[in-house]
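The values are calculated or read from the model by the stated rules, or taken from the named source; none is laboratory data. Just so you know, these numbers come straight off a predicted model, no measurement behind them. Neighbour counts run over all protein chains shown; Cβ positions are idealised from the backbone, glycine included. For accessibility, only protein heavy atoms count, side chains too; no ligands or nucleic acids. Shrake-Rupley method; radii C 1.70, N 1.55, O 1.52, S 1.80 Å.
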Amino acid sequence: MTQQYQNFIAGEWRPARSGERFGRENPATGEATGRYPRSGPDDVRDAVCAAQAAAPLWRATPAPKRGEILFRAGEILVREKERFARELTEEMGKVLAEARGDIQEAIDMTYYMAGEGRRQFGQTTPSELPDKFAMSVRAPVGVVGCITPWNFPMAIPSWKIMPALVTGNAVVFKPSQYAPKSAYNLVRALADAGLPPGVLNMVVGEGAQVGATVVEHPGIDLISFTGSNAVGRTIARQCADAGKPVSLEMGGKNAILILDDADLALALDGVIWSAFGTTGQRCTAASRVIVQAAVYDEFAERLVARAERLRLGNGLEPTTDVGPIVNSDQLRKVDSYITIGRDEGATLACGGATTNVGELGKGYFFQPTVFTDATPSMRIAQEEIFGPVTALIKVGSLDEAIEVNNGVPYGLSTSIYTRDVNAAFRAIEGITTGLVYVNAGTIGAEIHLPFGGTRGTGNGHREAGTAALDTFTEWKTVYIDYSGQLQKAQMTEEL
Ligand code: UN1
């Protein structure tokens, strides 16, 4: 029998109030992976009530104690890593080695934020007045709504939930309906680690039902969202109307720049990994390769040869390089870009089709695809595809490469391959994305540095690192006057 999962509200595992459920299937095999509550607005309201009730006590809990609970959750994730990784592969398709990486990223974030229990540094600074003390401290925002995608179903929730918790917020968490088991595993680890009831609540369901209520509910003080640009912009508008702060991560159209002097074998490894790792379903995926003219033909030929050799399959098989696409809607979307690219005049150099050979017929598989002769303004070179498709663009110079790189509506990640240190530094200076890699691909950000991007990728916030603390706290500035008399700032000469 398919296992049934519940919401987590006020420390209890509960079905949706409506009693309705939905099933999720393995995108590689079509086998059932679990049944989940199809929650509605009432369930969100219950979760917000529970979070509001728990928030004062959690806020009053010393931050190092909050950190200790996170640390214990990290220990559970370490212990269960292998099982959680397999379940993650089964529910969303990425290959097992990458699923382990997803869990590891959550472990890293959990330990890192556990340490923040004893940091969360503010500032102490001299006052302009005598006998007066000045400092700033971080305060929690209140109840935080976290809305997360399916592509990093344990890592991304951890980027939001761990910093929110350690800084003293209560959380209402709405995971993607395409990967709720990983969300369950993460929440369960925190519950088993001793998180008090109501501090973290999870409501599973669809965006239109659950996500919209999380965004609109007046009891939620802040929204942190990762997902598509279209949904993110709608959320931003709703939050603006409600006067609610919102932190958005909304994808990318990332490029790898390859200069004439690059180590081509290294660049090739970087492109294969960044374009086709996670089946291209990363917001950091390289869906453009901007190549200087002298090495363009050779690089294109070598890339196509490598892409054609990649083995599609079930992510649990050790022989699989590229797993399935997460669901049929995404598969159709990826497929639609093949026609778009051809109609625009790009050359389909390899891939470009779904594949149904043998066992692959049971899942949502799409061939690793390379377009050559793409130009910067084509839709395949401008729009996020979120699948195993990359487009090669020929350029004459470093300056042109930087201009093409920056000329898209997103600004998440860029990589440059060159052996010329001057060119590398000029690129770092000129590139306007939030992440820049030199001689490494566009994917693989580490959790203790800021993560996020410019333009349509975000709205000025960063996740991870100490930047995450800025999202989930308010600064409180404190002045203590011990002079025993009225002192007037900016008017000391009148003292
Ligand atoms: C995402 O695709 O939304 O840098 C996140 C990376 C990973 C995170 C990706 N550490 O590719």
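For a quick check of your reading of the model, give me the residue pairs whose first member lies in the range 419-430 and is assigned by TED's automatic domain parsing to the domain that holds residue 402 and open to solvent by less than 100 Å² (accessible area, probe 1.4 Å), whose second is part of a helix (DSSP H, G or I) and among the aliphatic types (A, V, I, L, M), with beta-carbon atoms closer than 9 Å and at least 6 apart or on different chains. Partner pairs satisfying both residue conditions: 420/398; 423/398; 427/398; 427/401; 427/402; 430/398; 430/402.
Contact map, the range 155-169: residues that are away from the ligand (no atom under 16 Å from the Cβ) paired with residues that are among the small types (Gly, Ala, Ser), Cβ distance under 6 Å, separation 6+ or inter-chain. Pairs shown: 166/67; 166/117.
A quick yes/no check of all residues on (1) under 26 Å from the mean Cα position of the chain (by Cα); (2) under 23 Å from residue 400 (Cβ atoms); (3) in contact (Cβ under 8 Å) with a residue 40 or more places away in the chain:
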| position | (1), (2), (3) |
| --- | --- |
| 268 | yes, yes, no |
| 280 | yes, no, yes |
| 288 | yes, yes, yes |
| 328 | yes, no, no |
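Counting only residues that are farther than 23 Å from residue 63 by Cβ and among the aliphatic types (A, V, I, L, M), the range 99-155 holds 6 of them.
From the list 444, 460, 465, which one is open to solvent by less than 40 Å² (accessible area, probe 1.4 Å) and not in a strand (DSSP E or B)? When all the criteria are applied, what remains is 465.
If you take the residues of the range 236-248 that are open to solvent by less than 10 Å² (accessible area, probe 1.4 Å) and in contact with a Phe, Trp or Tyr (Cβ under 8 Å, 6 or more places away or on another chain), which of them is nearest to the ligand (Cβ to nearest atom)?
Step one: list which residues in the range 236-248 are open to solvent by less than 10 Å² (accessible area, probe 1.4 Å), which gives 239, 247-248.
If we keep only those that are in contact with a Phe, Trp or Tyr (Cβ under 8 Å, 6 or more places away or on another chain) as well, we get 247-248.
On the way: 247: 14, 248: 12 Å.
Filtering the range 236-248 for residues that are open to solvent by less than 10 Å² (accessible area, probe 1.4 Å) and in contact with a Phe, Trp or Tyr (Cβ under 8 Å, 6 or more places away or on another chain), the one nearest to the ligand (Cβ to nearest atom) comes out as 248.
The set of residues in the range 18-38 being farther than 20 Å from residue 89 by Cβ and either of a type in the set (Gly, Ala, Ser) or out of contact with any strand residue (DSSP E or B) (no Cβ under 9 Å at 6 or more places or on another chain) (or both) consists of 18, 19.
Restricting attention to the range 445-473 and to residues that are closer than 18 Å to residue 107 by Cβ, in contact (Cβ under 8 Å) with a residue 24 or more places away in the chain and not assigned by TED's automatic domain parsing to the domain that holds residue 145, the residue that is nearest to the ligand (Cβ to nearest atom) turns out to be 445. Checking every residue in the range 222-229 against the condition of being away from the ligand (no atom under 16 Å from the Cβ), in the same structural domain as residue 167 (by TED's automatic domain parsing) and modelled with pLDDT of 95 or more gives at least one match. Among the residues of the range 104-120, is any surrounded by fewer than 23 Cβ atoms within 10 Å (Cβ to Cβ), among the basic types (Lys, Arg) and under 23 Å from residue 470 (Cβ atoms)? Yes: the range 104-120 contains one or more residues that are surrounded by fewer than 23 Cβ atoms within 10 Å (Cβ to Cβ), among the basic types (Lys, Arg) and under 23 Å from residue 470 (Cβ atoms).
Could you tell me whether residue 389 is more than 16 Å from the ligand (Cβ to nearest atom), closer than 30 Å to residue 326 by Cβ and either crowded, with 21+ Cβ neighbours inside 10 Å or among the β-branched types (Val, Ile, Thr) (or both)? No; evaluated as a whole, the condition is false for this residue.
Scanning the range 213-227 finds one or more residues that are open to solvent by 40 Å² or more (accessible area, probe 1.4 Å) and touching a helix residue (DSSP H, G or I) at 6+ places or on another chain (Cβ under 9 Å). A search for C-beta distances below 7 Å between a residue of the range 220-234 that is assigned to a helix (DSSP H, G or I) and any residue that is buried (at least 20 other Cβ atoms within 10 Å of the Cβ), counting only pairs 6+ apart in sequence or on different chains, returns 229/250; 229/251; 229/456; 232/225; 232/248; 232/250. Residues that are within 12 Å of the ligand (Cβ to nearest atom) and crowded, with 24+ Cβ neighbours inside 10 Å within the range 249-274 comprise 249, 250, 251, 252, 254, 274, listed in sequence order. Criterion first (open to solvent by 30 Å² or more (accessible area, probe 1.4 Å), within 21 Å of residue 407 (Cα to Cα) and of a type in the set (S, T, N, Q)) does residue 339 satisfy it? So residue 339 fails the test.
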